[in-house]
Structures are given as C-alpha cells and as structure tokens.
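Quick notes on the structure that follows.
The values are calculated or read from the model by the stated rules, or taken from the named source; none is laboratory data. Only a predicted model underlies this, so the values are computations on that prediction, with no experimental measurement involved. Cβ sites come from the backbone with ideal geometry, for glycine too, and all protein chains shown count toward neighbours. SASA here: full protein model, heavy atoms, side chains in, ligands and nucleic acids out. Shrake-Rupley method; radii C 1.70, N 1.55, O 1.52, S 1.80 Å.
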Amino acid sequence: MAFEMNEFSLKGKVALVTGASYGIGFAIASAFAAAGAKIAFNDRNDDAVQKGLAAYKEAGIDAKGYVADVTDEEQVASLIQNIEKDLGGVDILVNNAGIIKRIPMLEMSAADFRQVIDVDLNGPFIVSKAVIPGMIKKGHGKIINICSMMSELGRETVSAYAAAKGGLKMLTRNICSEYGGANIQCNAIGPGYIATPQTAPLRERQADGSRHPFDQFIVAKTPAARWGTTKDLQGPAVFLASEASDFVNGLVLYVDGGILAYIGKQPE
Ligand code: NAP
Ligand code: GCO
C-alpha cells in the first residue's frame, strides 16, 4: 500500500480553533493554514479578536475572527452559523480556549472553581455539541481537545484546572465512544510546560536576576531539559487533524518533552 504525504494535507478543510488570538491556539491555527486549511478563531472580546486578526495578517494568513465566549451556548451557536456562512461547515475543531487560577484549594472560592470548570470543561462540551451535527452530516470530523500535564498529575494550587483537564480527557474518550461510528475522531493533545502568557508568571526573573524556582524545577523535571514552545505542538496538531490519523481515536497525545515518562532527578 503506497503512502502519500498528502494524507497530512488539510487542503480546503474548515478549522475552528477557539481562543486562538495568540499562544498555543495561534500556533496550531497557523500550522493548519500552512497545511491548507481555512481558519476561523474566536475570542471573548473584540479587542482580542482584532489583535488576533492583525497577527494572522502579519503571518500572511487570511483568518476569520469572531467574538464568542465558549461558555455561552447562544454565542457559540451564532459563531458556528457565521462560520458556515463565511467559510462552510466546520471539519476540524480545536478546543483550545482555557484559563487557570493558581489558588491553594482551601483559599479557593466555589465561584472561582466553577469558573475554571466552566471555561475549561463546559466550553469544550458546548462547542463540540455545536459542531458534531454538521460533522455527522458531512460524514467526517476531527475534534482536538487541549488537555494538560494536569490531566494526569496534580500539584499545589491548581485543583480546579486539574479537575477540568482530567474531565476533558474523559470527555475526549466519550466523544470518541459516542461518535466514532459517525467517522468523527476526537483526540487530545496534552502539552507539557509551554512558554506562553499563561505560564509567564512561572518563568518571571527574580529580583536578583536569577531564574524563578518553578522555572528551574520544570527544566529539571523535563527530560528534554527545556520549556516547550508553541511550535512543538504544530506537527502533532496537524497529524491529529489530518486523514493520516483516521484510525486514531480517543487518544491523549502528550507533547511534553518526556515529563510523564520521568520519575524526577535522583538525589546527588
Ligand atoms: P493563553 O496564552 O492564556 O491563551 C488562552 C486563550 O483562550 C486566550 O486567547 C484567551 O482569551 C482565550 N479564552 C479564555 N477564556 C475564553 C472564553 N471563555 N471564550 C473564548 N476564549 C477564551 O493560554 P495558552 O498557554 O496558549 O493555552 C491554550 C490552551 O492550552 C489552554 O486550554 C491551556 O489550558 C492549555 N495548556 C497550556 C499549557 C502551557 O504550558 N501554556 C500547557 C498545557 C495546556 P483572553 O485573551 O481573552 O484571555
Ligand atoms: C501550572 C501550569 C500548568 C500548565 C500546563 C501543563 O500552573 O502548573 O500553568 O497547568 O500550563 O497545563 O501541562
């Protein structure tokens, strides 16, 4: 059986990447554009969408940007209708929009906990639910959920985020289970520690110019001995969006420089 490189092509596919004005979402959407896809993204306010549109334009990408909050079912319904009108039905969805609140559990309010679950878990449910009927009609679809190290591991201060990302791993498997028969592949990417605005507080230089202790901890805990870049996520995302992965379903592909394989540095 001959293998053809165009199995990785996304030519003519319509891809929606949520929360993709910058950061991981922007990098994934840019890779999809390079592979031939038409790009739609949303963000919660017009300012972020305009900044995103300028960034895509600078990168030579003709993306469409929309204001929509992923936690709001009505806004998401109009988002999907507008994309259908402007570009066609969504073939590829990346549930990327996410937030984190780093607060020790005993100091965290139930309202803060709920808000993280709302964006990071209810959001992917709402957006997936809005695109799956169109994918069933088309006879194919790809959904990629952006999970985390915290889909597998806990740490101090991120109880809500870990609960949401652990839940998102199971939502991934459930969408695969429920709609795999309709030729929809739902997989996830579990990024390791990636240098973006979300993780900037963990990399801030100390007053004496030395590296943040968490920054040093992550480099020591990562066999690749570095933070990930948004570029590291591009190839895996294109693979999971393309026909090359048509029999891969319900998987979390960890792109973490080896963190999950490693017990940690031995004592000297
Ligand atoms: P980021 O830099 O904070 O970007 C997140 C994006 O989501 C922003 O554009 C943000 O918009 C948008 N967003 C937040 N809430 C939204 C909502 N309710 N509706 C629509 N858009 C919303 O984060 P990132 O580091 O690129 O992370 C992207 C995804 O990867 C997140 O799901 C994150 O949890 C996950 N992740 C990140 C890392 C990492 O190390 N960076 C590792 C693993 C997983 P605003 O600008 O308006 O806030
Ligand atoms: C944290 C981080 C993480 C990462 C990422 C790891 O405070 O521990 O922000 O949660 O962003 O999700 O995969």
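Could you list the residues of the stretch 200-229 with an amide nitrogen less than 16 Å from a label point located 7 Å from the Cα of R155 in the Cα-to-C-beta direction?
Inside the label zone: 200-205, 211-229.
Residue by residue through the stretch 165-181, what is 3J(HN,Hα) from phi via Karplus (6.51 cos²θ - 1.76 cosθ + 1.60, θ = phi - 60°)? Round to whole Hz and write x for glycine and proline.
Values, residue by residue: 6, x, x, 5, 4, 6, 4, 4, 5, 6, 4, 4, 5, 7, 10, x, x Hz.
Using modelled backbone amide H atoms (1.01 Å from N, in-plane), which distant-in-sequence or interchain residues come within less than 5 Å of Y66's amide H?
For Y66, the qualifying residues are F41, N42, D43.
Once every DSSP H run of n ≥ 4 in the chain is given -39500 (n - 2.57) and the sum is divided by its residues, what mean residue ellipticity at 222 nm do you get, rounded to the nearest 500 deg cm²/dmol? Walk me through the numbers on the way to the answer.
Numbers: 8 runs with 101 residues, N = 268.
Per the formula, -12000 deg cm²/dmol.
Computed FRET efficiency, Cβ-Cβ of N82 and K51, R0 22 Å: what is it to the nearest 0.05?
The computed FRET efficiency comes out at 0.70.
Dipole of the chain, Cα-centred, from +1 at each Lys and Arg C-beta and -1 at each Asp and Glu C-beta, to the nearest 20 debye?
In total the dipole reaches around 300 debye.
Answer with one residue from V116, A130, G23: the one whose Cα lies farthest towards the positive end of the charge dipole of the stretch 1-131, charges on Cβ with Lys, Arg +1 and Asp, Glu -1.
Projecting each Cα onto the dipole axis, the largest value belongs to G23.
Along Cα→Cβ, 7 Å out, is where each label goes; now give me the distance between the ones at D112 and K231 in nm to one decimal.
Label at D112, label at K231, 3.6 nm between them.
Excluding the sites themselves, what is the longest stretch of the chain that contains no chymotrypsin sites (Phe, Trp or Tyr not before Pro) in a DSSP loop with at most 11 other C-beta atoms within 10 Å?
Formally, the longest exposed-site-free interval is 4-246.
Quick one: net charge around A20, please, counting Lys, Arg +1 and Asp, Glu -1 for every other residue with C-beta under 13 Å from its C-beta.
+2
Per residue, how much accessible area does the chain show when a 1.4 Å probe rolls over the protein heavy atoms, in square angstrom?
Each residue of the chain exposes 49 Å² on average to a 1.4 Å probe.
Can you give me the distance in nm between label points at I136 and E268, each placed 7 Å from the Cα along the Cα-to-Cβ direction?
For the pair I136/E268, the computed spacing is 6.1 nm.
With springs only between Cα atoms under 10 Å apart, run a GNM on the chain and tell me which of D46, D120, D256 wobbles the most.
D46
If you keep only loop residues by DSSP, which GluC sites (Glu not before Pro) in the stretch 147-201 have at most 16 other Cβ atoms within 10 Å of their Cβ?
In loop regions of the stretch 147-201 (DSSP not H, G, I, E or B), the sparsely surrounded GluC sites (Glu not before Pro) are E156.
Put K265, K165, K221 in order of accessible area, largest first, 1.4 Å probe: what do you get?
K265, K221, K165
Test of understanding: what is the full-extension gain from S9 to A34, defined as 0.36 nm times their sequence separation minus their Cα-Cα distance? Could the numbers behind the result be given before it?
Details: separation 25, 0.36 × 25 = 9.00 nm, distance 0.91 nm.
So the extension gain works out to 8.1 nm.
Quick one: how many Å² of D112 are accessible to a 1.4 Å probe, rounded to 10?
Its accessible surface works out to 40 Å², give or take rounding.
Could you identify which residue out of K101, K11, K85 has the top mean-square fluctuation in a GNM of the chain using Cα springs shorter than 10 Å?
K85
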